[in-house]
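Presented below is the structure to which this report refers.
The values are calculated or read from the model by the stated rules, or taken from the named source; none is laboratory data. In this text, all values refer to a predicted model and were calculated from it rather than measured experimentally. For neighbour counting, all protein chains shown are included, and Cβ atoms are generated from backbone atoms with ideal geometry for every residue, glycine included. The accessibility values were calculated without ligands, DNA or RNA, using every heavy atom of the protein model including side chains. Shrake-Rupley method; radii C 1.70, N 1.55, O 1.52, S 1.80 Å.
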Amino acid sequence: MGAGGPRRGAGPPDGGWGWVVLGACFVITGFAYGFPKAVSVFFGELKQDFGAGYSDTAWVSSIMLAMLYGTGPLSSILVTRFGCRPVMLAGGLLASAGMILASFASRLLELYLTAGVLTGLGLALNFQPSLIMLGLYFERRRPLANGLAAAGSPVFLSTLSPLGQLLGERFGWRGGFLLFGGLLLHCCACGAVMRPPPGPSPPLRPDPAKDRAPGGGARRRLLDVAVCTDRAFMVYVVTKFLMALGLFVPPILLVNYAKDAGVPDAEAAFLLSIVGFVDIVARPACGALAGLTRLRPHVPYLFSLALLANGLTDLISAHARSYGTLVAFCIAFGLSYGMVGALQFEVLMATVGAPRFPSALGLVLLVEAVAVLIGPPSAGRLVDALKNYEIIFYLAGSEVALAGVFMAVTTYCCLRCSNTPSGPAAEGGAADTEDVDVERDSEPMPASLEALEVLSPRAGSSGPEPEVETVSGLGHESV
C-alpha cells in the first residue's frame, strides 16, 4: 500500500485512542525536557541554604539530564522485558519520590541522589516508552504526531519556570520541591492510558525467527545492540552526536551574551521567551509539513536542512550586539530549533522500524548524553578562559552545520549505492532484482538504507513487508 494511507486491520490506527496517547506523550515530553531546566529557578535559595556555589547547585540539573539521556539502554531493556505501561508507572513514582525526598535534604549530596538520580531516572523511564507507544499508534500521521508531542517541551518550559518561581517565593525551595513532586505524579496518569493498540502490532524487538542461536533455539534479546551494524542507523548516531555538541550551547549562553553586549537584564531574559514561543509554533507546524505526501519520503533531507539552518544562524549571529539583531537571531534560532526537535525522532523511527526502535532509541540517548556532557561544559570553560562569546557561537554553529551536511551527504551516497544494481541484477530485470532483495533480507543484519528515504509503510517496496505477527510473550499484554 502507498504511503498515503494506513494499513487496514494490521497497522496503527492513526487516531482514536491514539490521540489520548499523543496527549500523554505531550505531557511526558514536557516534563522530560522542561523539568531539569525549571528546577534551576531554586538555585539561588539552594546556594544560600547550603553555602555552595552556583556550579555545585547546578549539578542537580546536570545529573538529572545525565540520567534522562544516559539510562536509555536500561529503559530499553525494561520496556522489552515488562512493557511500556508498567515501566511508565514505575517511572512516575520514582520521579515523584525523588522530588519529595529532596524537599527533606540537608546536604547537597542528598539532593544529587534524590532530585538528580531518582527523578532523572523516573523521567527517563517515562520518556522513552511514550515515544515507543506513539509509534505503535501512528503511521500515516506519525510526523504530525511527533511534532505535536515535541511541542510539549517549550510549552512546559514556559510554564514550569514561572510556576517554580512563584512556588519558591510563597513556600521556599522545600515547599516548591514537594509540590513539584506531586505534580510529577501526572506521569503515572499518562502511563495508565498507554494501552496497546487494537489488532496485531509490530513486536517491540526483532523477530526471533530471524535471530536464532547456534543450536537453533530463539535467543532473547533485551537490548538489540546489533542494530549498530545498520549503516543507516550509524549515520543517524554520528549526526546526533555532532548535533548535540553544539545545539544546546546558544540557549545556555544567550542571556549572558546579551548582558555582555549591554542589554538590560529584563530584556536579556526575555530573549529566551522569544525562542520558546517560536519553538511552540515551529514544532507542530514542521510535523504537519513533514507529513505531506510529497515531502514525507524526503524527511531525512528536511532534518538535514533544519540542522544546517540552525548552524548557519549561529554563525551569522556571532557578531550580533544590538537588541534588534538578537531578537532576529532568537526568531531564526527558535524556528530551526523547533524543526530539529520535531523531526529527530521521526527520522529514527523511519530508519530502524518499530521492532528495533526501543533499542535504537536507548543507544541514541546514551550517545547524546556523552555529547551533552562534552559540548556545553567545554563551551563554558572556553568562555571563562577567553572572555569571548563569538568564538563559542562559531564553534557551536560549525558543529551543528557539519551534522546537517554529514546527514545529507551520507544519506544521498548510501541510497545511491543501495540503488546501484550489481552482477546479474544489472541484466536480469524484475526476477533478478527480487533475488537480490531476498539475499539482502537473508543477511544476519541488513543495512536499512532504504528507510532513510521511504518511510513506513514503504511505498512500492519490492522487498517483503516487516512481519507483524504477535510473537509469543510479546503480544499486547507485554506493551
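Would you mind telling me which numbered condition in (1) over 16 Å from the mean Cα position of the chain (by Cα); (2) farther than 25 Å from Leu253 by Cβ Ala354 fails?
(1)
Based on what the data block shows, is Leu343 touching a residue at least 40 places away in the same chain (Cβ under 8 Å), within 17 Å of Ala403 (Cβ to Cβ) and under 12 Å from the mean Cα position of the chain (by Cα)? Reasoning before the result, please.
Details: touching a residue at least 40 places away in the same chain (Cβ under 8 Å): yes; within 17 Å of Ala403 (Cβ to Cβ): yes; under 12 Å from the mean Cα position of the chain (by Cα): yes.
It is true that Leu343 is touching a residue at least 40 places away in the same chain (Cβ under 8 Å), within 17 Å of Ala403 (Cβ to Cβ) and under 12 Å from the mean Cα position of the chain (by Cα).
Of the conditions (1) farther than 30 Å from Pro196 by Cβ; (2) surrounded by fewer than 24 Cβ atoms within 10 Å (Cβ to Cβ); (3) in contact with a Gly (Cβ under 7 Å, 6 or more places away or on another chain), Leu94 fails just one. Which one is it?
It fails just one condition, (1).
Suppose the filter is modelled with pLDDT under 85, over 29 Å from the mean Cα position of the chain (by Cα) and charged (D, E, K, R); does Arg212 pass it?
Values: modelled with pLDDT under 85: yes; over 29 Å from the mean Cα position of the chain (by Cα): yes; charged (D, E, K, R): yes.
Here the answer is yes, as Arg212 does meet what is asked.
Working only within the range 223-262, note down all residues that are hydrophobic (A, V, I, L, M, F, W, C), modelled with pLDDT under 85 and not in a helix (DSSP H, G or I).
Leu223, Ala261, listed by residue number.
Is the range 314-321 home to any residue that is at pLDDT below 90, of a type in the set (Gly, Ala, Ser), open to solvent by 50 Å² or more (accessible area, probe 1.4 Å) and farther than 26 Å from Leu131 by Cβ?
Looking for residues that are at pLDDT below 90, of a type in the set (Gly, Ala, Ser), open to solvent by 50 Å² or more (accessible area, probe 1.4 Å) and farther than 26 Å from Leu131 by Cβ, one finds none in the range 314-321, hence no.
Do we have Leu366 as touching a residue at least 60 places away in the same chain (Cβ under 8 Å), open to solvent by 50 Å² or more (accessible area, probe 1.4 Å) and over 27 Å from Ser61 (Cβ atoms) here?
Here the answer is no, as Leu366 does not meet what is asked.
Given the structure, is Tyr301 among the hydroxyl-bearing types (Ser, Thr, Tyr), open to solvent by 60 Å² or more (accessible area, probe 1.4 Å), in a helix (DSSP H, G or I) and farther than 19 Å from Gly152 by Cβ?
yes
Residues checked against (1) closer than 19 Å to Tyr337 by Cβ; (2) surrounded by 18 or more Cβ atoms within 10 Å (Cβ to Cβ):
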position: Met234; (1), (2): no, no
position: Met243; (1), (2): yes, yes
position: Gly246; (1), (2): yes, yes
position: Pro250; (1), (2): yes, yes
position: Asp265; (1), (2): no, no
position: Leu271; (1), (2): yes, yes
position: Phe277; (1), (2): yes, no
position: Ile280; (1), (2): yes, yes
